[in-house]
Amino acid sequence: MELAAMLGCPDVAFRQPESEWEASVTAAMRGAFAEHAEHNAFYRAQCEAAGVGAEDIDTLADLVKIPLLPVRMFKQPDAHVLMTAPLTEVELEIRSTGTGGVPSVARRDVKTVSRVMTAIFTQYREFFQVGKGAGLFLCPSTAETPEMGMVKAFNVLNGLLDDHAYIVRDYAFDPEEALGQLDKWEESMTRHIIGPPFLVGRLLRYLELEDIALKLDPESLVVTLGGWKRYTGESIGREEFNAKIEKYLGIPADRVRDMYGMIESNMLAVECEHHRKHVPPWSYISIRDVENTDVELAPGKTGVIALMDALSTGYPAFILSEDVGEVDHTPCPCGRTGQTVSFRRRLQGAELGCCAVSIEKFIDSQEIVAECEIPAAAAPVEG
Amino acid sequence: MPRYSPTVVDHFTNPRNAGELDDPDVRAFIGNPVCGDQIMLTARVTDGTVAEIRFRAHGCAASLATASVVTEAALGATLGEIEAWDDERVEALLGGLAPDQRHVAALGRQVAHRLVTNHREGVDDDAPLICA
Ligand SMILES: [Zn+2]
């Protein structure tokens, strides 16, 4: 299938027979690779150094030849060299600030934004079949954090719903306000809960402490995106998380759906009811040997996650991440084909770098920020 | 109006005075702990005039361009002149800003003023003013 056809017909695109999926994803990658190698001088130099051109990409097994950009390059001051599109074409600068404080900035041009918005919307429809109801967003609004990737992705989901409430404001979260909002929607709308795992966890902790067990609606969903490891280093266990959602929100595990993505890539892998995160066929995940990231590991082996994305025209979105995980090419009981991905952990030495960590850190430490020695003349600017 | 002024496009694409001076007379750093925009200036000052200046910046394209135009405007300027800059002056140097880019004018003005204050008081920002 052509890229445009896949974006337009997700039900078919996610269920292509194996050989067709291989051909579709290879063709999409070859096309994107050819564009960046031709129009991006910095990337072309990498391709020339590696001695690889679009004509060398014939089969899925050839995708490993496509040169990767280490994700930390997006933090560099001279990140403008990564751009294939001129700044005049850049529409959205999406950023993520991890525990290190230096932001990673991904600049998306007009064409990429159109494709990504279509892709994310399409995936929400494909995986959640949601088109009405109310969303309790346990995150700041896009008005408060216009450049935060996670919030931007959640906000697309908002467009499919009839009502919404953003519960995090000025980096403060009040679980009582969340309950009040759920109460208000009861009897009139199906209630969904959307947010990073740690904030859903906070709501659950509150319900547990107050001994309140809610029973949300038959079609309610819990949709999460963002890290499962807190900035403190503590991990949130998925099984326990699902069990608590069932107990305190009355939502069964098959309606708790996590997603995986990173702001530098346009790929969003969404969980099906079997809790497998499906990589869309316009993206490909290549698992690399931790010791030598030029080497691709077989499905099922754990290694560094490389995300290759054919939607990006702004910069070559062939990215070597600092995440560790594996892919699975075996058929999923849901009937969808292609790859599924499992995130395991961050690479050793990598900072925790995602929007969720940044929100959590600031919710927890507003007092610490206030106590920081910021002389009056250097008061933080808005932005 | 285009999304980025021609000046912002020019300075983002071809930054002037990028880098860091070895052994500068003064160093100034401004950062936003939430969104992460950061500018660090290092400069040599001779007879109250900026003789040499470099920047390091992280953040959105407009903030990177701000760092570049601020160094260009500061080079050869007296500290008194720089102290008179306000947000409007920085925005004018950038050839105008879209509403969602306006925060960088304050960032540029603040880091320029901080350079002057730090030089006068003989202090340095050797660490980012960010809670990591
Ligand atoms: Zn599935």
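The values are calculated or read from the model by the stated rules, or taken from the named source; none is laboratory data. What you see is a predicted model; the values in this text were computed from it and never measured. Positions of Cβ are generated from backbone atoms using ideal geometry, with glycine treated the same way; all protein chains shown enter the neighbour counts. When the accessible area is computed, the model is the full protein with side chains, heavy atoms only, and any ligands, DNA or RNA have been set aside. Shrake-Rupley method; radii C 1.70, N 1.55, O 1.52, S 1.80 Å.
For this structure, a couple of remarks:
- Scanning region B:77-91 for residues that are of a type outside the set (Val, Ile, Thr) and away from chain A (no Cβ under 13 Å) yields B:77, B:79, B:80, B:81, B:84, B:85, B:86, B:88, B:89, B:91.
- Test: residue in region A:67-89 that is open to solvent by less than 10 Å² (accessible area, probe 1.4 Å), away from chain B (no Cβ under 11 Å) and not in a helix (DSSP H, G or I): yes
- Of the set (1) open to solvent by less than 20 Å² (accessible area, probe 1.4 Å); (2) within 14 Å of another protein chain (Cβ to nearest Cβ), all apply to residue B:43 but (2).
- Filtered by the rule that a residue be within 12 Å of the chain's Cα centre (by Cα) and away from chain A (no Cβ under 11 Å), region B:92-107 gives B:93, B:94.
- Among the residues listed as A:300, A:314, the single one being among the small types (Gly, Ala, Ser) and closer than 17 Å to residue A:73 by Cα: A:314
- For region B:65-75, residues that are farther than 16 Å from residue B:26 by Cβ and out of contact with any Pro (no Cβ under 7 Å at 6 or more places or on another chain) total 5.
- Taking (1) crowded, with 22+ Cβ neighbours inside 10 Å; (2) over 22 Å from the mean Cα position of the chain (by Cα) in turn, residue A:32 satisfies each apart from (2).
- Set side by side, the residues A:284, A:248 differ, and just one is more than 16 Å from the ligand (Cβ to nearest atom), buried (at least 24 other Cβ atoms within 10 Å of the Cβ) and in contact (Cβ under 8 Å) with a residue 24 or more places away in the chain, which is A:284.
- Within region A:132-155, the set of residues being part of a loop (DSSP other than H, G, I, E, B) and either open to solvent by 30 Å² or more (accessible area, probe 1.4 Å) or among the hydroxyl-bearing types (Ser, Thr, Tyr) (or both) comprises A:132, A:141, A:142, A:143, A:144, A:145, A:146, A:147.
- Subset of region A:69-105 [at pLDDT 90 or above, in contact with a Ser or Thr (Cβ under 8 Å, 6 or more places away or on another chain) and among the hydrophobic types (A, V, I, L, M, F, W, C)]: A:71, A:85, A:87
- Scanning region B:1-18 for residues that are among the hydroxyl-bearing types (Ser, Thr, Tyr) and more than 7 Å from every other protein chain (Cβ to nearest Cβ) turns up B:5, B:7.
- Test: residue in region A:172-191 that is within 14 Å of chain B (Cβ to nearest Cβ) and either over 19 Å from the mean Cα position of the chain (by Cα) or assigned to a loop (DSSP other than H, G, I, E, B) (or both): yes
- Whichever residue in region A:327-362 is of a type in the set (D, E, K, R) and either more than 16 Å from the ligand (Cβ to nearest atom) or at pLDDT below 95 (or both) and, among such residues, is most open to solvent (accessible area, probe 1.4 Å): A:344
- Residue within region A:264-279 that is away from the ligand (no atom under 16 Å from the Cβ) and out of contact with any strand residue (DSSP E or B) (no Cβ under 8 Å at 6 or more places or on another chain) present: no
- Here residue B:124 fulfils each of the conditions (1) crowded, with 20+ Cβ neighbours inside 10 Å; (2) more than 9 Å from chain A (Cβ to nearest Cβ); (3) in a loop (DSSP other than H, G, I, E, B) apart from (1).
- Any hit, region A:189-197, residues being open to solvent by 30 Å² or more (accessible area, probe 1.4 Å) and modelled with pLDDT of 95 or more: yes
- Within region B:52-76, residues that are closer than 11 Å to residue B:42 by Cα and within 13 Å of chain A (Cβ to nearest Cβ) have Cβ atoms under 7 Å from residues that are of a type in the set (Val, Ile, Thr) and part of a helix (DSSP H, G or I) in these pairs: B:54/B:71; B:55/B:71, counting only partners at least 6 apart in sequence or on another chain.
- Yes/no for residue B:22 being within 13 Å of another protein chain (Cβ to nearest Cβ), of a type in the set (D, E, K, R) and either under 27 Å from residue B:4 (Cβ atoms) or open to solvent by 50 Å² or more (accessible area, probe 1.4 Å) (or both): no
- Among the candidates A:223, A:304, residue that is of a type outside the set (Lys, Arg), open to solvent by less than 40 Å² (accessible area, probe 1.4 Å) and within 16 Å of the ligand (Cβ to nearest atom): A:223
- Qualifying residue in region A:170-178 (condition: open to solvent by less than 50 Å² (accessible area, probe 1.4 Å) and touching a Ser or Thr at 6+ places or on another chain (Cβ under 7 Å)): no
- Check on residue B:73, open to solvent by 20 Å² or more (accessible area, probe 1.4 Å) and over 28 Å from residue A:94 (Cα atoms): yes
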